[in-house]
1. To the nearest 0.05, how large is the calculated FRET efficiency for A201 and R77 if R₀ is 41 Å and r is the Cβ-Cβ distance?
2. Calculate, in whole percent, how much of the Cα-Cα pair population of the range 86-210 lies beyond 20 Å.
3. Between R55 and T150, what is the FRET efficiency for a Förster distance of 22 Å, r being their Cβ-Cβ separation, to the nearest 0.05?
4. Compute the distance in nm between two label points, each set 7 Å from the Cα along the Cα-to-Cβ direction, one at H85 and one at H163.
5. If each of L115 and R96 carries a label point 7 Å out from its Cα toward its Cβ, how far apart are those two points in nm?
6. If I take every Cα pair under 8 Å that is 6 or more residues apart in the range 31-164, average their sequence separation and divide by the length, what percent do I get for the relative contact order?
7. Mind checking the per residue accessible area of the range 42-120 for me, 1.4 Å probe, whole number of Å²?
8. For the range 26-173, go through all pairs of different Cα atoms, get the mean of 1/r, take its inverse, and jot down that Kirkwood value in Å.
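The values are calculated or read from the model by the stated rules, or taken from the named source; none is laboratory data. Just so it is clear, the model here is predicted, and its values are computed rather than measured. Virtual Cβ from ideal backbone geometry, glycine too; neighbours counted across all protein chains shown. Each accessible area value is taken on the protein alone, full model and side chains, heavy atoms only, with ligands, DNA and RNA left out. Shrake-Rupley method; radii C 1.70, N 1.55, O 1.52, S 1.80 Å.
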Amino acid sequence: AEDRGAGLGRQGSAEDRGTGLGRQGSAEVRGAAAAAGLDETRGLLDGMLRLLSARLVAAGDGSPLPWLGIDDVEARRLWRTLEDHERIPVSLSSSREPALGWHLMRVCHRGRGVLLATGWGPTLATAARAALSSALATAQLRRTVDAAYTPAGVAAGYLAQLHDPYLSDLAAATRAWAEAGGWQVQGRRLAVDPVAGTIGAWCGTVSIDG
């Protein structure tokens, strides 16, 4: 398999390119995450949001979001389906990264306090839809296919719907956020898969190094 890096900022060789998002690593958000996107920018942002979600969830500083706090028909439909059809009582809480302006929504089991899903979005409604959709899909898969199924991670699918100037604005905000924290972000693309062959979309890993 061919393994390539990719970057939102300055780039090195085509074979191994790193982002120019920051200068140094930070123990606060250091780590690596699998990531994917329709293109390089979306793939790197996907990885960054996944890494950031782990930090926010660990901090545990989300604000509870009641039923009336979501003025979105689709999000409420998903919420009711989880509780009325899947019989899973849930509670929602949200965090917002000021530097990016995006919201991270958590869906937890209301009785057990177990985290069921997380999702990102530019608004509370889109973040709620992402997290609730992930929680519902997981519940349905566990009920019908595999009781031990574990979701792949945070839902950040809204990036696929994001276009300029909003995509460029989010990329610029992410770059500035990393530089302010002194973080070096690296993206490594898997360009060829042994089974699937050449991969058209961007997929690979995004890491924060020190």
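1. Efficiency computed from Cβ-Cβ geometry: 0.90.
2. When every Cα pair of the range 86-210 is considered, 57 percent fall beyond 20 Å.
3. The computed FRET efficiency comes out at 0.60.
4. Using points 7 Å along Cα→Cβ, the separation is 3.1 nm.
5. Those two pseudo-labels are separated by 2.1 nm.
6. The normalised contact order for the range 31-164 reaches 20 percent.
7. On the way: 3640 Å² over 79 residues.
Dividing the accessible area of the range 42-120 by its residue count gives 46 Å².
8. 15.7
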